[in-house]
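Okay, structure first, notes after.
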Amino acid sequence: MDDLNQNMEKLEEEIADSADLLRMSAEVFARQKFPAPEVEKEWVRFANRKITAERKRGPVFLWSFGAGVAACAMVVLLLNIRLFQVPAEEGVANGETVVFEAIDNVEGITLSSESGVVHRIGGVESDSILAMGGIEVDENSIDLRHTTKEEMQTLTIPRGKSFKVVLADGTEVWLNAESRLYYPSQFRNSERVVFLEGEAYFKVSRDEKRPFVVNTGELRTHVLGTQFNVKSYSGNPQHITLVEGSVRVNHLSTNEGVYLKPGQDVCLNPEGGFVLEEVDTYGITQWKEGYFYFNNVALGDIVKDIGRWYNVDISFVNPSISKYHLHFVADRNAGLQHVLDNLNRLQKVRASFVDNRIVIQ
């Protein structure tokens, strides 16, 4: 019975936190040209999904949604009046722990060729030179479908920027901050192979005769035509998330492989094995629409994305709170203070901007 009560308490808390996430999301979208999410509808969908997941793991108390909402309302009330407190003695004893560091001299978006020529995207002279080679450039994207060049190129996106590239075969790639894509300006081989560092969303143009391959560290993702997200930052677990279609992911060292279905994510754990799970792809891919969107994600992972976008130092007074899992959304183009305000509204941690760094306690 105790296990059932614990499961229900955890479920109610997740639903309440999800409601916070959806309400914050609706406020963000209300300021944009996009329609706001249907909060109540999504809340019901989330609750039903969580209840179904609990049933698969074992017996669970069956409740009506009305009773569940009432219970959730109580949880929300408790969350609103309870501010998570970090014991002062622990914070002083441990000192601040830096979890993300800013870098100096952040440059703009660059396109480098194997011959050593570097073009700074957005520069009048560079854009004109690229245009003469059939490469179309604007402030948000670069298009290689009409290029006459035959060379390997590297597109580098700095912190605080995102950018889209249309490859020669029509494949669209959205690159997140601090990412690098290495690719041929023309695909001439039996496979269309690219190399990624960082994060990117791929919408692959289908070609039955020439599979598309993304190499990221120890993983090789093989597709024919599909949409998926790849996150592969140095020092962090690699994730492949499938939105639609199908992909095969192989470990380059062991050749172990796994096939993904839409809505699945595979992660390479520290021991080198695969961890496969069902995920909400909507939240994972919202970065390309200009949002921080995290559904039950550890605070330590959330702040790394925040730091990468704003290029700012981030430290915890108490490192243990980095393990807190939160439901959080913010418009990352609305400024750092907007993000901190939304984080503080959750009333689980307190984040402030002090001496050009974010301090969380």
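The values are calculated or read from the model by the stated rules, or taken from the named source; none is laboratory data. What you are looking at is a predicted structure, and each value in this text was computed from that prediction instead of being measured. Ideal geometry is used to build each Cβ from the backbone, glycine not excepted, and the neighbour counts take in all protein chains shown. The accessibility values were calculated without ligands, DNA or RNA, using every heavy atom of the protein model including side chains. Shrake-Rupley method; radii C 1.70, N 1.55, O 1.52, S 1.80 Å.
The alpha carbon convex hull volume per residue for the stretch 113-223 rounds to 100 Å³. Annotation: per residue accessible area for the stretch 104-175 equals 51 Å², rounded to a whole number [probe 1.4 Å, protein chains only].
In the full protein context, the stretch 268-326 carries 40 Å² of accessible surface per residue, based on a 1.4 Å probe and ignoring ligands, DNA and RNA.
May I ask you to give the percent of accessible area on the stretch 99-144 that is carbon plus sulfur, with a probe radius of 1.4 Å? Taking all protein chains in place, the stretch 99-144 shows 47 percent carbon and sulfur surface. Over all pairs of different C-alpha atoms, the stretch 169-271 has a mean inverse distance whose reciprocal, the Kirkwood radius, equals 13.6 Å. Computing FRET efficiency as 1/(1 + (r/R0)^6) for Glu101 and Glu139, where r is the C-beta to C-beta distance and R0 is 30 Å, gives about 0.60.
Backbone amide hydrogens, once placed in the peptide plane, bring Arg332 within less than 5 Å of Tyr291, Phe292, excluding anything fewer than 5 places away on its chain. For the stretch 164-321, what % of the accessible area comes from carbon and sulfur atoms, probe 1.4 Å? The computed percentage sits at 46. Once the Cβ-Cβ distance of Asn356 and Thr148 is raised to the sixth power relative to R0 = 51 Å, the FRET efficiency obtained is 0.65. Label sites at Val117 and Glu289, each approximated as a point 7 angstrom past Cα along Cα to Cβ, lie 3.9 nm apart.
Once C-alpha pairs closer than 8 Å and six or more residues apart are averaged by separation and normalised to the residue number of the stretch 179-240, the relative contact order reads 31 percent. Peptides 138-147, 215-224 ranked from most to least packed, by the mean per-residue count of other Cβ atoms within 10 Å: 215-224, 138-147.
Stokes-Einstein diffusion for the stretch 240-361 at 20 °C, viscosity 1.002 mPa s, with a Kirkwood radius from C-alpha pairs, works out to 133 µm²/s. Note on His338/Glu172: beta-carbon distance plugged into 1/(1 + (r/R0)^6) with R0 of 25 Å gives a FRET efficiency of 0.30.
Once both labels are positioned 7 Å from their Cα atoms along Cα-to-Cβ, the gap between Asp280 and Ser234 label points is 3.3 nm.
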